[in-house]
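Trainee: Once you've had a glance at the structure underneath, I'll fire off some questions.
The values are calculated or read from the model by the stated rules, or taken from the named source; none is laboratory data. Keep in mind that what you see is a predicted model, and the values were worked out from it rather than measured. FYI the Cβ positions are ideal-geometry reconstructions off the backbone, even for glycines, and counts take in every protein chain you see.
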Amino acid sequence: MNEETSAPEESGHVLFWLTCAGLATALWAIFLFVPTEKTEGAVQRIMYFHIPSAWLAFFAFFIVFVSSILFLWKKDREWDIYAQSSAEIGVVFCSLVLITGPIWAKPIWGAWWVWDARLTSTLILWLIYVAYLMLRGHVESGSARARYAAVVGIAGFLDIPLIHFSVLWWRTFHPKPKIISAEGLGTGMDTTMLVTLLLSLGAFTLLYFLLLGQRIEIEKTKDEIDHLKKERLYSH
Amino acid sequence: MRQYLNQVTAIIWKDFAVELKTRELFSTMFVFAVLVILIFVFTVDLSIVNVNEVGPGILWVAFLFSGTIGLNRSFMLEKENGCLQGLMLTPIDRTALYFGKMLSNLAFLLIMEALLLPLFMVFFNVDLFRNLGSLLLVILIGTVGFCALGTLLSSLAGHLKTRDIMLPILLYPLIVPIAIGAVRMTSKVLMGEPLSEMWNWVGLTLSFDIIYIGVSIMTIDHVLEE
């Protein structure tokens, strides 16, 4: 193995162990360190998975947006791979948000689902990026797929603020944001809860980069295999 | 600039000429829209709910569904006889092509809506004339947003084998702001509220229109590239 390939592998290992340590610490904090919430009880602990997943999904879609712009600008396959990988991870975490939400809502609100602003926006967001991935599945690989996907990646992200406001004016029941509220940073929450949430946020962010790295690696290997296949085909 | 306008009008004229000859698109859209309204009348019990609240929703679902049929059809025609290839070989700007298609889609949809409104008035016993100016304005800005994004996405989906399915799947989640905003505004207008009471919705819909016309101008080169 030569120098170029061993360097990213090395940093990949570091990221892997860092993520493991981060997730282990976060799990310890969520289940052992942080006290049980007074009114909501144990089910409140799901928040430490719910909010980081939501943050990750949003961050992943932002990366799709940036990569899509860079792809249309530079026309470099690299950015297309980034956009696709990030969209896939985003959809997974967006699904987690949509699953953990109802589990919490059933005992607290008494219903699995209400058509509240944030729930609705998240569902629409999920649908947009599922459509994005479906579009990728329906076009054969190549420049056209990357271009179409990039256009949808840009159009989809720019819609988020519009969807946010339209659904917000439509209706809202979701708990108000607790970390960044009008009274100042972190005032709506107990310190131990805040620390646990931040730990979980950090661990999830590390997990995102780990997954992204893996997914990009897989896509590049696929490209290489395709390339080799073609080379073999035409050499005979 | 003059030349650019000529190119755009040439494309609009072409679409109208094709439609006058075939008479396919318009009749399909209109009959479909009437059917959508009819299905709603059967599925929603109108004796219980307030028509001013449910009516605008039904009206906009009819607009959006038949609009989707129109968008699908309009690019299918371009693809079928190699017309799109011909258009792309002509030395015109891609954005002129976009605006031509977008405006002809818009014109078809607006004519269809103008015919559907009287029917809506008769079927649901709604008084449209109380606030007609505001109502037409609301319908116009909503339809512009739908056509702006719809034309971009249909020119993209037009290249796919599964275009009939992919267009609504891509389009519907993205037009949620239009769907909510237009229905809210129409409902308020029908209840006699002046436009000044709903500036937030008007602003939101106009931003949608501007954002997606902008996105289309920036990206249409990459969609219509062969």
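Trainee: Which residue is farthest from B:Asn125 (Cα to Cα), if the candidates are limited to the range B:18-55 and must be among the aromatic types (Phe, Trp, Tyr) and under 21 Å from the mean Cα position of the chain (by Cα)?
Mentor: B:Phe26
Trainee: Is there a residue being more than 9 Å from every other protein chain (Cβ to nearest Cβ), more than 20 Å from A:Trp169 (Cα to Cα) and surrounded by fewer than 17 Cβ atoms within 10 Å (Cβ to Cβ) anywhere in the range B:159-175?
Mentor: Yes.
One line per residue, one yes/no per condition, for (1) modelled with pLDDT under 90; (2) polar (S, T, N, Q):
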residue	(1), (2)
A:Thr196	yes, yes
A:Leu207	no, no
A:Leu210	no, no
A:Ile216	no, no
A:Glu224	no, no
A:Leu228	no, no
A:Glu231	yes, no
A:Tyr234	yes, no
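Trainee: If you don't mind, another one. Would you mind finding the one in A:Ile154, A:Ile124, A:Ile160 that is of a type in the set (Val, Ile, Thr) and more than 8 Å from chain B (Cβ to nearest Cβ)?
Mentor: Selected residue: A:Ile160, the only one of A:Ile154, A:Ile124, A:Ile160 that is of a type in the set (Val, Ile, Thr) and more than 8 Å from chain B (Cβ to nearest Cβ).
Trainee: Looking at (1) closer than 27 Å to B:Ser187 by Cβ; (2) more than 14 Å from chain A (Cβ to nearest Cβ); (3) surrounded by 19 or more Cβ atoms within 10 Å (Cβ to Cβ); (4) touching a Ser or Thr at 6+ places or on another chain (Cβ under 8 Å), find the lone condition where B:Thr143 falls short.
Mentor: (4)
Trainee: Here's a follow-up. Which number in (1) crowded, with 21+ Cβ neighbours inside 10 Å; (2) without any contact (Cβ under 8 Å) to a residue 24 or more places away in the chain marks the one condition that B:Val122 misses?
Mentor: It is condition (1) that B:Val122 fails.
Trainee: While we're here: Working only within the range B:176-201, note down all residues that are of a type in the set (A, V, I, L, M, F, W, C) and more than 9 Å from every other protein chain (Cβ to nearest Cβ).
Mentor: B:Ala182, B:Val183, B:Met185, B:Val189, B:Leu190, B:Met191, B:Leu195, B:Met198, B:Trp199
Trainee: Return the only residue of B:Leu46, B:Leu35, B:Leu20 being surrounded by fewer than 22 Cβ atoms within 10 Å (Cβ to Cβ) and modelled with pLDDT under 85.
Mentor: B:Leu46
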